[in-house]
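**Q** Mind looking over this structure? Questions follow.
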Amino acid sequence: MQIKELLQQQPAEQEVIVKAWVRTKRVSSSVAFIALNDGSTIHNIQAVVEENTVSEDVLKLVTTGSCVAVTGKLIASQGQGQAVEVKVKSIEVYGTADPEKYPLQPKKHSLEFLREIAHLRPRTNTFSAILRVRHALAFAIHKYFNDNGFFYLHTPIITGSDAEGAGEMFRVTTLPAINPPLNEEGKVDYKEDFFGKETNLTVSGQLEGELGAMALSKIYTFGPTFRAENSNTTRHLAEFWMIEPEVAFYELIDNMNLAEDFIKYLVKYALENCGDDIAFLEKRLLDEEKTKKKEEQSEMSLTEKLKFVVENTFERLTYTEAIEILLNSKAHKQNKFNYPVQWGIDLQSEHERYLVEKHFKKPVILTNYPKEIKAFYMKQDEDGKTVRAMDVLFPGIGEIIGGSQREDNLEKLIQRTKEVGIPEESIWWYLETRKFGSAPHAGFGLGFERLVLFVTGMSNIRDVIPFPRTPKSAEF
RNA sequence: UCCUCCUUAGCUCAGUUGGUUAGAGCACAUGACUGUUAAUCAUGGGGUCCCUGGUUCAAGCCCAGGAGGGGGAGCCA
């Protein structure tokens, strides 16, 4: 039985076996207490070893980090702090952990240090809580879509199109790194490569997702995504997970409604199903906040923040309206922005942060951006200047969703590909969806780790994925 | 990639103006203690001061280069 279940049992001296890792051991002359955790819950179960039940030699091997199977009786706890505990009959040690060498101590460790021991950090309270929340959110994503008539479409991880324009790509090749075959021009001859052409890891499943939506109407993808950008920030990974719904017959407004409903559902699901873990993370956050200056401390606790998102509507406004607000802001008038504000600029983090954290103090959906700063596939507005793009901006995280209604008019789409320099033949299959039975449709990409960041209240994206891949870092 | 800060015991960090044998808390080991909650108390062991080179009678401290890490920016999800 897992500890999560055991802690909910009525203690009636029934025999139980607990297989778990030792968190701490406290010994006095006649009794020893062992805190055990198997990752099923944030809570430990306490095993009580009374004198002469377990040999000294065995008890000596029970140290922080070791793995044991404890057999005993489940009884009501005599001490404070827990309802039940295990009165130990015997202990089998599965694996020892030399206390001189085991890096996790029963004390607070810095997140930076834990990142260096990513193979062991799931054994800490903080990371096991994060991983359970991460799981719950992933499950809720599938549940939401399934319950709403969406089909899970598996888009390829290896792609032959380099036209998505979402960022630098990782090359996939079986050609030798030294002396690869060359063509007549002296360049690498990809005709000799495994796929007979240049291939990369996907930067987005969207283009293929659209193909699915043009047949199944409502699809979503949820898979790993790769960007070879040299990004060194708290919100970027080289390998991350992205959710991309794509829906036929949806226009921008439907897309916004979906995005808002979807996020609220996920946050609510976490609140309802991960209460213990979120409570733990909230406490952790509170301790951390205490070390900060007063003005930097957040006004809301983690739970309050999550409830606030669930209970309030997201602010919706156009890019043009956002620029107006920025131009009329004190920050702009007092020259506080590092980047000047003007219609046509790509909004900088400081601008987004002003809108979300200072002006509206809630999630914001920005729409109808200038076409020059957005992707070629976004549907052009009637004014010829803007496109039906939408970004969902969250406090502390920035862009959590980027999406749009797609251009469904073949001529207009071809014209845009020409303007931005994408060769038609490289995405002929994408263009054909507009040639045969085209339909209005829309979709978006949600950064999974950014969502997990928000729900857990963590601040570095490397701490919400088990094994982060970032520039110069792919250990584990 | 740019800006900025950091690197001293297993962990978190202190280390004065460059000056003898580099410190603390926690962890760990040993002992004490009839029920603890990251137990408590006592004692003890533990150091390539990130690396390379330089300045100096003398470098953890100053200078140059490099490596690793944090935070911010850009790119985006």
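**Q** Any idea how many residues of region A:21-33 are in a strand (DSSP E or B) and exposed (fewer than 12 other Cβ atoms within 10 Å of the Cβ)?
**A** Here the count works out to 1.
Each row is one residue, and each column tells you yes or no for (1) part of a loop (DSSP other than H, G, I, E, B); (2) under 38 Å from the mean Cα position of the chain (by Cα); (3) more than 10 Å from RNA strand B (Cβ to nearest atom).
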position: A:A35; (1), (2), (3): no, yes, no
position: A:S40; (1), (2), (3): yes, yes, yes
position: A:H43; (1), (2), (3): yes, yes, yes
position: A:V48; (1), (2), (3): no, no, no
position: A:V54; (1), (2), (3): yes, no, yes
position: A:V58; (1), (2), (3): no, no, yes
position: A:G65; (1), (2), (3): yes, yes, no
position: A:V68; (1), (2), (3): no, yes, yes
position: A:K73; (1), (2), (3): no, no, yes
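**Q** Here is a follow-up. Could you tell me which numbered condition A:H332 fails, if it satisfies all but one of (1) open to solvent by 20 Å² or more (accessible area, probe 1.4 Å); (2) more than 13 Å from RNA strand B (Cβ to nearest atom); (3) not in a helix (DSSP H, G or I)?
**A** (3)
**Q** A further question follows. Go through the residues of region A:265-287 one by one and say whether even a single one is away from RNA strand B (no atom under 16 Å from the Cβ), under 17 Å from the mean Cα position of the chain (by Cα), basic (K, R) and modelled with pLDDT of 95 or more.
**A** Scanning region A:265-287 turns up at least one residue that is away from RNA strand B (no atom under 16 Å from the Cβ), under 17 Å from the mean Cα position of the chain (by Cα), basic (K, R) and modelled with pLDDT of 95 or more.
**Q** Tally time: how many residues in region A:364-380 are more than 12 Å from RNA strand B (Cβ to nearest atom), modelled with pLDDT under 95 and either part of a strand (DSSP E or B) or under 26 Å from the mean Cα position of the chain (by Cα) (or both)?
**A** 0
**Q** Do we find a residue being assigned to a helix (DSSP H, G or I), within 23 Å of A:A228 (Cβ to Cβ), within 9 Å of RNA strand B (Cβ to nearest atom) and open to solvent by 10 Å² or more (accessible area, probe 1.4 Å) anywhere in region A:445-468?
**A** Yes, the conditions are met somewhere in region A:445-468.
**Q** How many of the residues making up region A:77-101 are open to solvent by 60 Å² or more (accessible area, probe 1.4 Å) and part of a strand (DSSP E or B)?
**A** 4
**Q** Tell me, please, whether a residue that is more than 8 Å from RNA strand B (Cβ to nearest atom) and β-branched (V, I, T) can be found in region A:222-240.
**A** Taking every residue of region A:222-240 in turn, none turns out to be more than 8 Å from RNA strand B (Cβ to nearest atom) and β-branched (V, I, T).
**Q** Among (1) touching a residue at least 40 places away in the same chain (Cβ under 8 Å); (2) outside any helix (DSSP H, G or I); (3) open to solvent by 10 Å² or more (accessible area, probe 1.4 Å), there is one condition A:D408 misses while meeting the rest; what is its number?
**A** Status for A:D408: all satisfied but (1).
The values are calculated or read from the model by the stated rules, or taken from the named source; none is laboratory data. Bear in mind the structure is a predicted one, so any value in this text is a computation, not a measurement. All Cβ positions, glycine included, derive from the backbone under ideal geometry; neighbour counts span all protein chains shown. Accessible surface is based on the protein model in full, side chains and every heavy atom, while ligands, DNA and RNA are left aside. Shrake-Rupley method; radii C 1.70, N 1.55, O 1.52, S 1.80 Å.
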